[in-house]
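Novice: Mind having a look at this structure? Questions to follow.
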Amino acid sequence: MITSVLVANRGEIACRVFRTCHDLGIRTIAVHSDADATALHTRTADVSVRLPGEAPADTYLRGDLIVKAAHAAGADAVHPGYGFLSENAGFARAVLDAGLRWIGPSPDAIEAMASKTRAKQLMGIEPLTGVTEADLPVLVKAAAGGGGRGMRVVRRLGDLEAELHAARAEAASAFGDGEVFVEPYVENGRHVEVQILADSHGAVWPLGTRDCSLQRRHQKVIEEAPAPGLSPELDEEVRSLAVRAARAVDYVGAGTVEFLVARGRAHFLEMNTRLQVEHPVTEAVFGVDLVAEQIRIAEGHPLEADPPRAHGHAVEARLYAEDPARDWSPQTGTLHRLTVPGPVRLDTGYTDGDEIGVHYDPMLAKVVAHAPTRTEAARRLAAALERAVIHGPVTNRDLLVRSLRHPEFTAARMDTGFYDRHLPGLAEPPPDPHAPLAAALADARARSRPGFGGWRNVPSQPQTKRYLRAGEEHEARYRHTRNGLEADGVRVVRAEAGLVVLEVDGVERKYEVTRYGEQVYVNTTALTVLPRFPDPTTQHAAGSLLAPMPGTVVRVADGLMAGTPVKAGEPLLWLEAMKMQHKVTAPVTGTLTSLPVTPGQQVEPGMLLAVVQEA
């Protein structure tokens with residue numbers, strides 16, 4: 001019997017496993033890097049153990065330290081979560097050799113399937129070698145791990161070497177394994193997967209399908225169960241193939257077999273020998289706790305004779321601290337508040353006041369809606385996200401809401417090229433023109449003294465306040481009058497420090513206003529208060545490229561120096577942040593006039609990276 005579980009992971013998945021352990025009466029143990037000393041998963045566990053190391057991003061890859069921590073804290077089992085060492089056969093062996101239970105498949109099964117190259121060979125598929133123009137487009141893919149790291153689509157043969165280099169570096173950083181391979185890239189297919197659960201007595205449950213086609217950078221954004229629109233024959237085929245893959249390696253535990261479905265055919269992608277990020281949609285539809293089942297299987301219990309029946313439909317959205325309009329760049333800073341209303345499930349590794357740092361994946365939370373039909377589930381999820389209060393770094397919330405309501409999604413006609421086609425219209429939400437005014441009126445009311453509204457018996461110029469919204473400056477004008485606060489074009493119905501009501505074209509609209517220092521949130525609009533008189537020392541020349549996030553300059557384009565001619569869109573340098581590499585490209589065609597950074601240099605947001613003077 002398992003009585004104490006150490007989770008060899010962090011963040012949301014560690015909190016998720018701890019929740020089930022607490023329900024089962026199992027003692028929980030967290031491990032943490034120095035950067036995670038006060039993280040939610042560290043605070044949630046019964047006890048925690050610090051993992052020493054100077055590089056927080058690599059701390060959770062130290063299997064030797066994790067095994068040592070398990071013994072020190074008295075654990076009798078280890079759950080790997082997802083990512084990091086979850087598909088590392090060597091780590092699984094080390095756990096077992098240390099006399100601990102491993103809540104996952106056998107090291108041999110992990111070894112057979114965790115390497116995508118070996119998994120494909122096991123299923124009779126060979127990777128490409130000696131790529132030619134005729135093979136394009138191709139996909140460069142990390143042999144280990146997942147989450148979109150170490151993946152690149154290559155459409156020009158001349159780009160292959162550079163993308164192989166970047167993929168190897170990204171895979172090595174994220175998984176400790178830089179092996180990559182090349183396979184044909186199937187355009188505009190659907191990403192369909194099957195959840196399997198297998199015990200040590202020979203039973204294998206195929207727990208339905210999931211569709212995970214809405215992806216950015218090959219990382220899933222919206223997932224659902226069951227996968228809509230599959231023919232009965234194709235549905236049966238992917239389930240059968242999933243069971244075949246599991247039986248081929250004597251699989252035990254929870255796993256996922258992934259396919260790319262195009263033109264009525266299913267192409268095997270890989271088998272993930274771990275719990276998936278999107279497992280909650282399967283839990284909702286089948287009414288099971290997959291973590292509890294993992295623990296029962298690890299204790300040697302058999303599965304029931306028949307798997308549970310599916311009910312309804314579930315949709316999950318991943319809420320990321322990132323800016324979709326700016327190449328999905330990850331965002332950092334204080335998460336002041338995160339509240340999602342409605343009958344939805346919220347899985348997160350953060351709470352109000354936590355810092356979103358640079359070392360780990362930028363996912364803030366997963367929000368899941370379950371309903372009798374797909375339409376109801378998607379509508380419920382979109383409404384919950386739209387009404388969510390998210391005060392902190394820029395997120396993809398608006399993108400998620402618009403994606404869930406897009407005709408292509410509602411009609412279940414989406415594929416993996418969805419964001420390639422629709423991103424511009426989804427990423428930039430239509431701005432609320434009255435948000436700056438509401439912020440200014442709330443500030444004016446907060447600053448007014450009791451019994452004194454600021455009105456003067458002498459006509460005066462309007463009061464003005466300046467705000468920055470999505471990189472653009474906006475000015476709000478209002479006046480103090482005998483009748484209270486007034487503004488042109490609208491009627492001020494009510495103005496308080498936290499709530500402003502404006503009547504626009506006969507319709508009263510409410511604006512909730514919250515301020516944290518110079519950051520102001522008006523409903524879902526984020527504003528930054530600008531000083532009345534700008535500091536000239538903070539101004540940059542035209543064509544300046546500033547660091548969009550904290551990170552490390554990992555590479556500068558070959559031969560690049562001041563005076564080099566560049567073309568618009570040409571890569572200049574690469575930044576690494578949150579285990580991903582981000583290209584910084586020339587904004588215009590012209591001449592590089594300044595390159596003040598070098599490989600290995602740490603940069604902060606707003607730091608000058610390069611200047612390109614337009615031709």
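Novice: Note down the nm distance, to one decimal, between modelled labels 7 Å out along Cα→Cβ at residue 1 and at residue 156.
Specialist: Distance between label points: 6.5 nm.
Novice: Shifting gears a bit: Could you tell me how many degrees, from 0 to 90 and to the nearest 10, lie between the Cα long axis of helix 418-427 and the main elongation axis, the longest principal axis, of the Cα atoms of the chain?
Specialist: Compared with the principal axis, the helix lies near 30 degrees.
Novice: Okay, next question. So what's the projected area for segment 37-184, the Cα convex hull averaged over all directions, in nm²?
Specialist: For segment 37-184, averaging the hull's shadow over all directions gives 10.2 nm².
Novice: Let me have the relative contact order for the chain, percent, based on Cα pairs under 8 Å that are six or more residues apart.
Specialist: 9
Novice: Kirkwood hydrodynamic radius of segment 4-103 from all distinct Cα pairs, in Å? Before the final figure, lay out each step's value.
Specialist: Numbers: mean 1/r = 0.0769 Å⁻¹.
Evaluated over segment 4-103, this radius sits at 13.0 Å.
Novice: Moving on to the next point. For a quick size check, give me the Cα extents of segment 435-523 along its three principal axes, largest first, whole Å.
Specialist: 38, 31, 23
Novice: As a test of the formula, what do you get for the chain when each DSSP H run with n ≥ 4 contributes -39,500 (n - 2.57) and the sum is divided by the residue count, at 222 nm and rounded to the nearest 500 deg cm²/dmol?
Specialist: The helix contribution divided over the chain gives -7500 deg cm²/dmol.
Novice: Multiplying the sequence separation of residue 265 and residue 472 by 0.36 nm and subtracting their Cα-Cα distance, what value in nm do you get?
Specialist: Additional length available on full extension: 69.8 nm.
Novice: Tell me which residues come under 5 Å, amide H to amide H, from residue 196 once H is placed; ignore anything under 5 positions away on its chain.
Specialist: Distant-sequence amide H within range of residue 196: 207, 255, 256, 257.
Novice: What FRET efficiency, computed as 1/(1 + (r/R0)^6) with R0 = 51 Å and r the Cβ-Cβ distance, is obtained for residue 410 and residue 71, rounded to the nearest 0.05?
Specialist: 0.45
Novice: Could you list log10 I(q)/I(0) for segment 537-614 at q = 0.22 Å⁻¹, which the Debye formula gives when each Cα is one point scatterer?
Specialist: Relative scattering, expressed as log10 I(q)/I(0), comes to -0.98.
Novice: For the chain, what is the largest minus smallest coordinate of the Cα atoms on each principal axis, given in angstrom and ordered from greatest to least?
Specialist: 88, 58, 52
Novice: Another question, if that's okay. Quick one: in segment 1-62, what % of C-alpha pairs are over 12 Å apart?
Specialist: Counting every Cα pair in segment 1-62, those more than 12 Å apart make up 61 percent.
Novice: Rounding to the nearest 10 and keeping the result within 0 to 90°, find how far the Cα-based axis of helix 11-24 lies from the longest principal axis of the chain.
Specialist: The angle comes out at about 60 degrees.
Novice: Starting from the 7 Å offset along Cα-to-Cβ, what nm value, one decimal, do you get for the label separation of residue 231 and residue 244?
Specialist: 1.7
Novice: Could you calculate the contour length gain from residue 292 to residue 376, that is, 0.36 nm times the residue separation minus the distance between their Cα atoms, to one decimal place in nm?
Specialist: Computed gain between residue 292 and residue 376 is 27.4 nm.
Novice: With label points built 7 Å along Cα→Cβ from the Cα atoms of residue 483 and residue 118, find their separation and express it in nm.
Specialist: The answer from the label model is 7.8 nm.
Novice: Going by how many other Cβ atoms sit within 10 Å of their own, how do 278, 316 line up, fewest first?
Specialist: Placing the least packed residue first, the sequence is 278, 316.
Novice: Which of the GluC sites (Glu not before Pro) found in segment 1-107 are loop residues per DSSP with 16 or fewer other Cβ atoms within 10 Å of their Cβ?
Specialist: The qualifying sites are 54.
Novice: Separate question: Sort 382-388, 251-257 for me by packing, meaning the mean count of neighbouring Cβ atoms within 10 Å per residue, highest on top.
Specialist: The densest-packed peptide leads the list: 251-257, 382-388.
Novice: Another question, if that's okay. Mind computing the radius of gyration and Dmax over the alpha-carbon atoms of segment 198-280? Å is fine for both.
Specialist: Values for segment 198-280 (Cα only, Rg and Dmax): 12.8, 39 Å.
Novice: Cα extents of segment 127-184 along the three principal axes, largest first, in whole Å?
Specialist: Taking max minus min along each principal axis of the Cα atoms, segment 127-184 gives 32, 19, 17 Å.
Novice: When the Cα centres of segment 1-34 and segment 257-331 are compared, how far apart do they sit, in Å?
Specialist: 19
Novice: Please report, to two decimal places, log10 I(q)/I(0) for segment 190-427 at q = 0.07, 0.14 Å⁻¹ as given by the Debye formula with identical point scatterers on the Cα atoms and no solvent.
Specialist: -0.23, -0.92
Novice: Can you count the Lys pairs in the chain whose Cα atoms are under 17 Å apart, with each pair 8 or more apart or on different chains?
Specialist: Lysine pairs satisfying the spacing and distance rule in the chain number 7.
Novice: Specify whether the C-alpha gyration tensor of segment 481-615 places it in the rounded, prolate or oblate class, a ≥ b ≥ c being the square roots of the eigenvalues: rounded for a/c under 1.5, otherwise prolate if a/b is larger than b/c and oblate if not.
Specialist: Prolate shape, in that a/c is at least 1.5 and a/b is the bigger ratio.
Novice: What would the Debye formula give as log10 I(q)/I(0) at q = 0.12, 0.13, 0.17 Å⁻¹ for the alpha-carbon point model of segment 115-233, no solvent?
Specialist: -0.54, -0.63, -1.00
Novice: Oh, and also: Provide the gained length on full extension for the span residue 96 to residue 200, in nm with one decimal, where the gain is 0.36 nm per separating residue minus the Cα-Cα distance.
Specialist: Details: separation 104, 0.36 × 104 = 37.44 nm, distance 1.60 nm.
Length difference between fully extended and current span is 35.8 nm.
Novice: Using the 10 angstrom Cβ neighbour count as an exposure proxy, how do 113, 151 rank, fewest first?
Specialist: Details: 113 27, 151 21.
Neighbour counts put them in this order, fewest first: 151, 113.
Novice: Same structure again: Report P(r) for segment 253-371: all Cα-Cα distances, bin width 10 Å, range 0 to the bin holding the largest distance, values in whole percent.
Specialist: Using 10 Å bins, I get a P(r) of 11, 29, 35, 20, 5, 0 for segment 253-371.
Where a number appears in this text, it was derived from the coordinates with a stated rule and is not lab data. Everything numeric in this text was worked out from a predicted model, so none of it was measured. Cβ atoms come from the backbone with ideal geometry, glycine included; neighbour counts cover every protein chain shown.
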